[in-house]
Amino acid sequence: MIWAGITVALVGALGYAVGAALQQYEVVRGGASFKLVRRPRWFIGGVVGLAGAGLHAVALALAPLVIVQPVSVTTLVFAVPLAAALHGRRPTKAEVIGSVAVAGGLLGLMMLIPHDDTRPVLSTPDALWFLACVGVVAAVCELIAKRLRGPAKALVLSVGAGTVTAAVSTFVRVVGGGLGGDLGRLVHWFTLAIPALLLVAIVLLQRSYAVGYFGIAYAGVQVVDPITSIIAGVTMLGEPVPVAAHVVPALLFGAVLIAGTITLGRLAPDTKHAVPPPAPVPPLPVGVTRTSG
């Protein structure tokens, strides 16, 4: 079951990367507003991304958070080149190095965590406390982002988005992994919380993409989501914790991750590659009419 979960997670990760790249391209061009639903590319990106998220949910039902979440990190290696191609350019050397460093560093960190398929159990008080913490983090990120610009703003917004996305993953793991073949267990407020949290995560993601720094925004989400999920899995779901012997390797992988994030944060925004609006037509002198042809 664990290997099946890994395979499904990998396919879902690729779909999520394609969807994210398509949506970011449209958000940069048109801004983060409800008008995006009228853009076919953004809509297709949303469908592909939701399909990837659906496969991720299936993977979480087959394997624990500490195994599935690291697989999603690999999407960064695919998403950054895809976004560059959509903007009509080749990925820069810094983008390639940064995305590989972030993905490799975080994947190394996640692999240090022991793998044990523990059945997830979450009490209502713990769930409410977890949601309250997620809400505080998202709200603080929104307030801080209003005072920032450029890659710093994209990163802060992505932290809020990644935190909410982690809440989605955690509840999906609890609901899917706790079924045990009994579909009656779906009748729970945990199930209703998943689409509500997903909607909030989508809105926050679009806002982080709109800043124009796709690499740093996507990396932020991919870093915060699995780390927050792992913390939730260890502290609330009883998943295993890393052993003390892994401290030094964890520090090394963490340094690689931070270096990659800084590299992506120093990149230029993709707004300069967006399609410019039509040039204004100069007014005609009084008494002169414009003719076609």
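All of the numbers you see were taken from the coordinates with simple rules; none came from a lab. What you see is a predicted model; the values in this text were computed from it and never measured. So basically every Cβ, Gly included, is an ideal-geometry build from the backbone, and we count neighbours across all protein chains shown.
Of the peptides 162-169, 56-63, how do they stack up when ordered by the mean number of other Cβ atoms within 10 Å, highest first?
Details: 162-169: 27.4, 56-63: 23.1.
Output ranking for 162-169, 56-63: 162-169, 56-63.
Relative to the compact-globule scaling 2.2 N^0.38 Å, provide the ratio for the alpha-carbon radius of gyration of the stretch 2-266.
On the way: Rg = 17.5 Å, N = 265, 2.2 N^0.38 = 18.3 Å.
Against the empirical 2.2 N^0.38 Å value, I get 0.95 for the stretch 2-266.
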Inset, instruction - Can you tell me the order of 10-23, 75-88, 129-142 when each peptide is scored by its average per-residue count of other Cβ atoms within 10 angstrom, highest first? - result: 10-23, 75-88, 129-142
Legend entry - Charged-residue dipole, Cβ positions (Lys, Arg, Asp, Glu), the stretch 2-266 about Cα centre, Debye nearest 20: 1220 debye
